[in-house]
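Asks: Here you go, one structure.
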Amino acid sequence: MKSKLYKTIWKLYALLVLIVLSTAYSKAQNSSGYYINWNVDHTRRTIKPTIPISKSEAQNINCYYVSLDDNNRFISVKYYHSGKLSEHSSYGAFEMVREYFDGRFEDSFRDTLNQKVENSEGVYKIIYQLNEKGYWISKKLVTKNNDLINANELHSQAAAISIITRDSLNRLNTEVRLNAANDTIEDVNGFKVVHFGFNRDGYISYRKFINSDGTLKNGSLGYAQVNFQCNQNGTFFEEEFRDEDYNLITHPKLKFARVNFREFDQYGKYRRVYYIDENGYPDANRAFAVIEYYKNTSRKSGQFYDRYNKRTEDQNGISFFTFSYTKNGDPLPRNNYNLSGVLLK
């Protein structure tokens, strides 16, 4: 009897430990706190922060404080540069706050004095319309007077409206972007309708342009599809360009067909960048770059090397480059130097 009783007690204890550990893990993955990445959900279904850091680390490391409610809904995100309040975040303000309404939610911006402001692109509010399952399907960027405003989101052409479709899993499927005059805006490669694909973890695997018959079609820069590889934190570690015949193609402006980011540190910062040509070989001008960082994780400098591990210059004559910032984290113009150490203008 005692043996059976002990076994029963140990089973209950083990079950309790499992529940506690599962709950703790869940909270660790979905709790308010300091993070290096405030959102890596490429499917655009929710806000997904990654690489949590401690409060003490946040005193010196550039990071975001993400706030979630009891239902795991995003409430706000604040940006800190070297432990100080900074307005130079990826969204162009110190804080972004989300409010929920029936059939929509809205994002607005705050400065370091907690006053509502326009962000660095002049956007005062982003208004999202939701589908019947609660996922957004369109958004509008507006000014303080509720006028549409074009903004350069995701390093693409300026647009005021984004209209998307979703797949059966409610992941982003296609996107069309419009300007304030309601004209369709092509992306940098001339794509009017962009199609997306994702891996099983919800990280983006490609963006492409296809004909009505489903075949790939080249854009104005000569490629039809961009492929991505992401690590477990949702950070890109590889990007490549393919044409409509699915051959590797060198990007006419970036001057590589594939780029690899390697040697990530604990804060998700890469130390090496490898450049590959359309034949799959190391680039002739710059095989790789070595990147250095300040203690707060801001980029400090970079140096190009050839395939023989010797210092070299890229196609623009740049061999070495340095980064600098204001006290609040505002990036200053990059300084570029040639192989002889002469500052380029």
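Asks: Just to confirm the filter: which trypsin sites (Lys or Arg not before Pro) across the stretch 197-262 are DSSP coil and have at most 12 other Cβ within 10 angstrom of their Cβ?
Replies: Sites meeting the loop and neighbour criteria: Arg200, Lys253.
Asks: Give me the compactness ratio for the stretch 230-345, meaning the Cα radius of gyration over 2.2 N^0.38 Å.
Replies: Against the compact-globule rule of thumb, the ratio is 1.14.
Asks: At each listed q (0.12, 0.19, 0.22, 0.24 Å⁻¹), what is the log10 of I(q)/I(0) that the Debye formula gives for the stretch 86-134 modelled as equal alpha-carbon point scatterers?
Replies: Listed by q, the Debye log ratios stand at -0.28, -0.60, -0.73, -0.81.
Asks: Further, regarding this structure: Please state the charge dipole magnitude for the chain, taken about the Cα centre, from unit charges on C-beta atoms (+1 on K and R, -1 on D and E), reported in debye and rounded to the nearest 20.
Replies: Here the size comes out at about 1400 debye.
Asks: By how many degrees, between 0 and 90 and to the nearest 10, does the Cα long axis of helix 2-29 differ from the longest principal axis of the chain?
Replies: Once rounded, the angle reads 40 degrees.
Asks: I'd like the chymotrypsin sites (Phe, Trp or Tyr not before Pro) in the stretch 158-257 restricted to DSSP loop residues with at most 12 other Cβ atoms within 10 Å, sorted by number.
Replies: Those that pass, being in a loop and sparsely packed, are Tyr246.
Asks: No solvent, one uniform scatterer per C-alpha: report log10 I(q)/I(0) for the chain via the Debye equation at q = 0.08 1/Å, two decimals.
Replies: Debye output, listed in q order: -0.48.
Asks: Sticking with this one: Taking 8 Å as the Cα distance limit and 6 or more residues as the minimum spacing, I'd like the relative contact order of the chain as a percentage.
Replies: Computed over the chain, the figure is 8 percent.
Asks: In nanometres, what is the gap between the two model label sites at Tyr308 and Asn211, each 7 Å from Cα along Cα-to-Cβ?
Replies: 4.7
Asks: In the chain, carbon and sulfur make up what percent of the accessible area (probe 1.4 Å)?
Replies: 49
Asks: Please calculate how many Å² of accessible area the stretch 195-322 carries per residue, with a 1.4 Å probe and no DNA, RNA or ligand atoms counted.
Replies: 53
Asks: Restrict the search to the stretch 104-172; then list the trypsin sites (Lys or Arg not before Pro) that DSSP places in a loop and that have at most 16 other Cβ atoms within 10 Å of their Cβ.
Replies: Those that pass, being in a loop and sparsely packed, are Lys133, Lys144.
Asks: Let me ask another. Where the centre of each part is set by its Cα atoms, how far does the stretch 51-93 sit from the stretch 224-262, in angstrom?
Replies: Answer, in whole Å: 29.
Asks: Could you tell me how far the Cα centroid of the stretch 282-345 sits from the Cα centroid of the stretch 180-203, in Å?
Replies: Here the answer is 31 Å between Cα centres.
Asks: Now for a different question. Please report the Cα spread of the stretch 72-164 along all three principal axes, rounded to whole Å, starting with the longest.
Replies: Rounded to whole Å, the extents work out to 41, 32, 25 Å.
The values are calculated or read from the model by the stated rules, or taken from the named source; none is laboratory data. As the structure is a prediction and not an experimental result, all values here were calculated from the model. Reconstructed Cβ throughout: ideal geometry from the backbone, glycine too, with neighbour counts over all protein chains shown. Accessible surface is based on the protein model in full, side chains and every heavy atom, while ligands, DNA and RNA are left aside. Shrake-Rupley method; radii C 1.70, N 1.55, O 1.52, S 1.80 Å.
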